[in-house]
Amino acid sequence: MVRGKVQMKKIEDATSRQVTFSKRRNGLLKKAYELSVLCDAQVAVIVFAQNGRLYEFSSCDMSKILERYSQYTKDVPANKLGDDYIQQLKLESASMAKKIELLEISKRKLLGENVSCSYDELKGIEDQLQISLLRVRQRKAQLYMEQIDQLRSQENNLLEENVKLTEMWQGTENTYQQQWPGHSQVEAQVEAAPYGSSSQSLEVDTELFIGLPNQGC
């Protein structure tokens, strides 16, 4: 379910406002803790609820952090800190925009879109593409060899498994012959007996004879 955009205004319902405060407060304190641990920074957070209750977090002694803050801001006007921060954001934004513009130009050149360069620049782009193509082919060959090695390993495993199964079958056959030697001989005789022997025992005399049968004296 897509979350709707939260309107930045006071929540009129007291219950909803209290629930939102609890969730946002816990999230803020959690982020402050993560910042202090991951970045080894000294972090202090002070929150006063609407009812006047205090919530705070500090990565070390709160009084030391407040003392350090007061010493840092003692000789600096409050509006100066805000102006410096805004100026820093503007510089970072301009630098980021310049980098993005250079990347877009480089991308268009590599794709051959709106190429308006000198011969030397085009030669440099061509050399760069050749190097990139060489690296792609080397990586492709490496992956191909890794797949071949993997298939060879699977083949060796299957051959070893086949040998084990053959040895198990031979061992089972030998054990059966030792326990039931008569059965093995009978099976061998039945398999070796020609079909003609059975057909001879089933032969019937079909010769026609007219007259009295011979009687013995």
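The values are calculated or read from the model by the stated rules, or taken from the named source; none is laboratory data. These numbers come from a predicted model, not from an experiment. SASA here: full protein model, heavy atoms, side chains in, ligands and nucleic acids out. Shrake-Rupley method; radii C 1.70, N 1.55, O 1.52, S 1.80 Å.
Table for the structure above
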{"item": "Stretchable slack from Lys140 to Ser70, in nm (0.36 nm times residue separation minus alpha-carbon distance)", "result": "19.2 nm"}
{"item": "Carbon + sulfur, % of accessible area of the range 1-68 - ligands and nucleic acids excluded, 1.4 Å", "result": "55 percent"}
{"item": "HN-Hα J in Hz across the range 161-177 - Karplus 6.51, -1.76, 1.60, θ = phi - 60°, x for Gly and Pro", "result": "5, 5, 5, 4, 5, 5, 5, 5, 5, 5, x, 5, 5, 5, 4, 5, 5"}
{"item": "When each of Lys109/Lys140; Lys9/Lys31; Lys31/Lys90; Lys74/Lys98; Lys107/Lys140 is checked by Cα-Cα distance, pairs over 27 Å", "result": "Lys74/Lys98"}
